[in-house]
Amino acid sequence: MSFTAIVKKYGRDIFPKIDFHSKNILLKIEKCRTPELGGHIFICEDCKTILSLNNSCSNRNCPVCQGNKRKRWIEKQCESLIKVPYFHVVFTVPDVLNRLFRENQKECYNLLFATAWETLKTFFENDKSLVGKGGMLCILHTWGQTLSFHPHLHCLVPAAGLNQAGEFKLLRGKNKFLFNVKSLGEVFRAKFAAGLTALHKKNVLILPDLTRKLMFWKNWIVYSQRPFSTPENVVRYIGMYSHRVALSENRIIEEKDGNVSFFYKDYKDEGKKKIMTLTGEEFLRRFSMHILPYKLMKIRYFGQLNNRHKKHFIKVAEKAVGLYCSKSDFPENRIDENQLDFDLDDEPISKKNSVCCPNCKSFNFRKLASFAMLKNFKELVLIDIEKSQIYYNTRDGPQKSSSFILIPEKSL
């Protein structure tokens, strides 16, 4: 069962229990790839099959609209991969702060980004081999495999930077680990606690005394992975963690008797794939917890990788060590889709600007026309391009419509 069908069936039960922004997003996702958003009509040049494709909602929280966005983003990032080791660093917060995060999402997420960078920035400046400025790419995730609330940051950090004189330098631990993870966790906890206290004093949020005490009793985990060995692994990593949502549609198994079943990985049991079943209302409630606040940026760049400094940093790095991804490395589209090994919960990347014929399996399609939003549209029966009419099925039987305009391909 599709995610949009689940929203249509159980959305009205959960709407009164969620905020207006989350409700509005679910209503948009409900219309994704349905005739309500309009679409396009194609004809196969080989077997003359006529195919109608509906428009997508293109919302960043939608489980089915991220594949091509991810591909385009990966292609852009590949242009600036330098020939140095890249580290995967994860910043997490203890579960005692979950309620505070849910009640103050925008403020807490912004503080999480700022604190993670301030922590790494401190270590970059104190590194004896660099004593300068580094950079990082940061991606926000708020979910666990079972749709539980688990805010954390995935960071991609090059093991290099610029020293005080503006010279390109490699970090001393370039072949092992970026920095000591225990020290990273302690500094991250201290800076985040100071940031929460500052927001509390400004009356931006309320920090209960019990929460303040509990967060110091918990271990703050900062995970650091060994550097990636090849540029393909860097590309694979970037593709896996960018433009993800809490649950992609291909993880949903079935909807039956008011329940929704989906796959998840149990990392406490060696990452085995298991099945979880939730009521439709609980399923949507958990999903809505991970809808991002309005205009919150989930992918951010800091230090030498932000827009202000990146062009200069890449120029200096290219002279010093060179770039991984040139036009010769990735001819044409620069990325071989077969090299991208996505997990079970990732949306497959579709072929750009191509439609597969359900009959002859060819990609030789030509667009005939576009149609506007049509709420009662069920199934195309006949298309008359010359008269700008479409015949379609409704509950009352076949109907003819000329109340909307078909736009022929020649006039587009």
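If I take the Cα coordinates of region 56-117 and project them onto the principal axes, what are the three extents in Å, biggest first?
39, 38, 16 Å, listed from the longest principal axis down.
Could you give the size of the charge dipole of region 1-105 about its Cα centre, using +1 on the Cβ of each K and R and -1 on the Cβ of each D and E, expressed in debye and rounded to the nearest 20?
120 debye
By the scheme Lys and Arg +1, Asp and Glu -1, what is the net charge of all other residues having a beta-carbon under 12 Å from that of residue 44?
Value of the local net charge: +2.
Find out how many positive minus negative residues lie around residue 272, taking Lys and Arg as positive, Asp and Glu as negative, among other residues whose Cβ is under 13 Å from that of residue 272.
+1
Among 294, 278, 305, which residue has its Cα furthest toward the positive end of the charge dipole of region 194-312, with +1 on Lys/Arg Cβ and -1 on Asp/Glu Cβ?
Checked the options; the winner is 305.
Over region 192-326, what is the relative contact order in whole percent, taking alpha-carbon pairs under 8 Å and six or more residues apart?
Relative contact order here is 12 percent.
Compute the length gained on full extension between residue 149 and residue 167: take 0.36 nm times their separation in residues and subtract their Cα-Cα distance, giving the result in nm to one decimal.
Between residue 149 and residue 167, full extension yields an extra 2.3 nm.
Quick check: net charge around residue 191, other residues with Cβ under 12 Å of its Cβ, Lys/Arg +1 and Asp/Glu -1?
Net local charge, residue 191 excluded: 0.
Would you calculate the separation in nanometres between label points at residue 99 and residue 50, each defined as 7 Å from the Cα along the Cα-to-beta-carbon direction?
6.0 nm
Could you run the Karplus curve 6.51 cos²θ - 1.76 cosθ + 1.60 with θ = phi - 60° over region 74-84 and give me ³J(HN,Hα) per residue in whole Hz, x for Gly and Pro?
So the J values, rounded to whole Hz, are 4, 4, 5, 5, 5, 5, 10, 7, 9, 7, 9.
Please work out how much length the chain gains when fully extended from residue 310 to residue 295, using 0.36 nm per residue of separation minus the C-alpha to C-alpha distance, in nm with one decimal.
Here the segment from residue 310 to residue 295 would lengthen by 3.1 nm.
So what's region 1-116 giving for Rg/Rh, alpha carbon basis, Kirkwood Rh from the mean inverse pair distance?
1.10
Please compare each pair in 106/310; 128/182; 182/295 to a cut-off of 23 Å on the Cα-Cα distance and tell me which ones are over it.
With Cα atoms farther than 23 Å apart: 106/310; 182/295.
Largest first and in whole Å, give the semi-axes of region 126-203's equivalent ellipsoid, each being the square root of 5 times a Cα gyration tensor eigenvalue.
29, 19, 12
Express in whole angstrom the spacing between the alpha-carbon centres of region 277-305 and region 169-225.
Taking the Cα centre of each part, region 277-305 and region 169-225 sit 21 Å apart.
All of the numbers you see were taken from the coordinates with simple rules; none came from a lab. Remember, it's a predicted structure, so these values are computed and weren't measured experimentally. Note that we place each Cβ from the backbone using ideal geometry, even for glycine, and neighbour counts take in every protein chain shown.
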